[in-house]
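Notes follow the structure.
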């Protein structure tokens, strides 16, 4: 499934524009489980190597950036939606396609399971 059609593809011409364009594209396409360095490269009209090279010298990689953005988005949804949405819906809604992988990654990032995170947030807001 293409993320962007050819007519909507932005042309990135200067090196300093590449990383912001990549980050913007990641945020706009987080819910797509096919988001990858290859799909980013195709969508913004650069090579996959250029995508990886854009992150060289930073403290992260393109894949870790995608994962982090997805986890941050999931945490925000768990805080804002509370129990109104299932953990599975949240995980799939931010682009994960396996619940077990999402749960492990979430625990690694936030130190607790998604359901414990949500429950703690709900309990904390009810006390306020």
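Checking residue 112 against (1) assigned to a loop (DSSP other than H, G, I, E, B); (2) closer than 23 Å to residue 26 by Cα; (3) at pLDDT 95 or above, which test does it fail? Looking at each condition in turn, residue 112 falls short on (2).
Give me a count of the residues in the stretch 35-52 that are in a loop (DSSP other than H, G, I, E, B) and buried (at least 18 other Cβ atoms within 10 Å of the Cβ). Lay out the reasoning, then the answer.
At the first step, the residues of the stretch 35-52 found to be in a loop (DSSP other than H, G, I, E, B) are 35-36, 45-47.
Add one more test, that the residue is buried (at least 18 other Cβ atoms within 10 Å of the Cβ), and what stays is 35, 46.
Selection size over the stretch 35-52: 2.
On the stretch given as the stretch 115-128, residues that are exposed (fewer than 12 other Cβ atoms within 10 Å of the Cβ) and either in a helix (DSSP H, G or I) or at pLDDT 95 or above (or both) total 5.
Comparison of 82, 73, 57 shows that the only residue that is outside any helix (DSSP H, G or I) and either on the phi > 0 side of the Ramachandran plot or surrounded by 15 or more Cβ atoms within 10 Å (Cβ to Cβ) (or both) is 57. Within the stretch 85-97, the set of residues being within 15 Å of residue 32 (Cβ to Cβ), outside any helix (DSSP H, G or I) and out of contact with any helix residue (DSSP H, G or I) (no Cβ under 7 Å at 6 or more places or on another chain) comprises 97 only.
The values are calculated or read from the model by the stated rules, or taken from the named source; none is laboratory data. The structure presented is a predicted model; accordingly, all values stated were derived computationally and were not measured. No Cβ is skipped: glycine too gets one built from the backbone with ideal geometry, and neighbour counts run over all protein chains shown.
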